[in-house]
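Visitor: What follows is a single structure, and I will ask about it in a moment.
The values are calculated or read from the model by the stated rules, or taken from the named source; none is laboratory data. Keep in mind that what you see is a predicted model, and the values were worked out from it rather than measured. Here the Cβ positions follow ideal geometry from the backbone for every residue, glycine too, while neighbour counts run over all protein chains shown.
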Amino acid sequence: MGSKFAFWIEDPLAAFNNFPDWRHLLEGKSIVGGLLGGLIGVELAKKLTGVTTSTGDAFVLPLAVGMCVGRIGCFLSGLADHTYGNPTSLPWGVDFGDGIPRHPTQLYEIVFLALLLWLLETRGRALTESGDRFRLFMTGYLMFRLLVDAIKPVPYPYAFGLCGIQLLCIAGLAYYLPQLPRIGRAIIASEPATRS
């Protein structure tokens, strides 16, 4: 549901086209909405069942790998996927089929996720509180999407020209904001892990 909700606010004109015909509502999706919807679902389920420990750390690696594989698919889908960036004159601009070199934002995301995993591997051992690796993963990813979506076409601009995905990123970051200083201090104080 989170994934679909993100599409509805990202491009409401497309999602609600010919409403009440519901078929358009089922078309799009977003990983940001999927992650935040999953977070809400897990937190609600934990409250209902009385689980008080964090369960997210084990999902960081599979989520990141799955997202990278998904972005390869987005990149290969071209214009139909609507995940490409704005036109660019940079030498690595990619023509997705319309003759216009664009930011390959899908590839930017793969590189970012690889760097985030490296950070979690080298500095994440300093995070001793259960769930901090997941919190750092989500915070990093949401900040990345807040920034990278600024170089993507905006189907429906909201306040300050922000898109719906960016608004969701801001909401997710606000959720994690109270814990960021503690996590940041732990990361800064840690030494990179040495391999033996």
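Visitor: Looking only at region 8-19, count every residue that is surrounded by 17 or more Cβ atoms within 10 Å (Cβ to Cβ), under 14 Å from residue 82 (Cβ atoms) and either of a type in the set (A, V, I, L, M) or modelled with pLDDT of 85 or more (or both) and tell me the total.
Guide: 2
Visitor: Can you list residue pairs whose Cβ atoms sit under 6 Å apart, with the first residue in region 117-139 being at pLDDT below 90 and the second being among the aliphatic types (A, V, I, L, M) and not in a helix (DSSP H, G or I)? Count only pairs 6 or more apart in sequence or on different chains.
Guide: 122/193; 125/193
Visitor: Every residue in region 38-56 that is touching a Gly at 6+ places or on another chain (Cβ under 7 Å) and modelled with pLDDT under 90, please.
Guide: Once the filter is applied, which keeps residues that are touching a Gly at 6+ places or on another chain (Cβ under 7 Å) and modelled with pLDDT under 90, region 38-56 yields 54, 56.
Visitor: Any idea how many residues of region 38-52 are under 20 Å from residue 136 (Cβ atoms) and small (Gly, Ala, Ser)?
Guide: 1
Visitor: So, one more: Any idea which of (1) touching a strand residue (DSSP E or B) at 6+ places or on another chain (Cβ under 6 Å); (2) without any contact (Cβ under 8 Å) to a residue 12 or more places away in the chain; (3) surrounded by 14 or more Cβ atoms within 10 Å (Cβ to Cβ) is the one residue 46 doesn't satisfy?
Guide: Here residue 46 meets the rest and fails (1).
Visitor: Now a separate question. Please enumerate the residues belonging to region 50-64 that are surrounded by fewer than 13 Cβ atoms within 10 Å (Cβ to Cβ) and at negative phi.
Guide: Of everything in region 50-64, those that are surrounded by fewer than 13 Cβ atoms within 10 Å (Cβ to Cβ) and at negative phi turn out to be 51, 52, 53, 58, 62.
Visitor: Also, I was wondering about something else. State all residues of region 131-157 that are under 18 Å from residue 110 (Cβ atoms) and more than 13 Å from the chain's Cα centre (by Cα); if no residue qualifies, say none.
Guide: Once the filter is applied, which keeps residues that are under 18 Å from residue 110 (Cβ atoms) and more than 13 Å from the chain's Cα centre (by Cα), region 131-157 yields 151, 152.
Visitor: Could you list, in sequence order, all residues of region 43-87 that are within 30 Å of residue 127 (Cα to Cα), in a helix (DSSP H, G or I) and of a type in the set (Ser, Thr, Tyr)?
Guide: Within region 43-87, just 49 meets the criteria.
Visitor: Take the conditions closer than 25 Å to residue 187 by Cβ and within 18 Å of the chain's Cα centre (by Cα) and apply them to residue 127. Does it pass?
Guide: Taking the combined requirement at face value, the residue does not satisfy it.
Visitor: Which of the residues belonging to region 88-119 are surrounded by 14 or more Cβ atoms within 10 Å (Cβ to Cβ), part of a helix (DSSP H, G or I) and aromatic (Phe, Trp, Tyr)?
Guide: Across region 88-119, the qualifying residues are 108, 112.
Visitor: Looking only at residues in region 135-166 that are in a helix (DSSP H, G or I), in contact with an Asp or Glu (Cβ under 7 Å, 6 or more places away or on another chain) and not hydrophobic (A, V, I, L, M, F, W, C), which one is farthest from residue 117 (Cα to Cα)?
Guide: 164
Visitor: Exactly one of these conditions fails for residue 110: (1) over 26 Å from residue 40 (Cβ atoms); (2) modelled with pLDDT under 95; (3) not charged (D, E, K, R). Give me its number.
Guide: Condition not satisfied by residue 110: (2).
Visitor: Collect the residues in region 120-134 that are assigned to a helix (DSSP H, G or I), touching a helix residue (DSSP H, G or I) at 6+ places or on another chain (Cβ under 9 Å) and over 18 Å from residue 66 (Cα atoms), keeping them in residue-number order.
Guide: Passing the criteria: 123, 124, 126, 132.
Visitor: Check residue 24 against each of (1) surrounded by 14 or more Cβ atoms within 10 Å (Cβ to Cβ); (2) part of a loop (DSSP other than H, G, I, E, B); (3) free of Cβ contacts under 8 Å to residues at least 12 places away in the same chain; (4) not hydroxyl-bearing (Ser, Thr, Tyr) and name the one condition it does not meet.
Guide: It is condition (2) that residue 24 fails.
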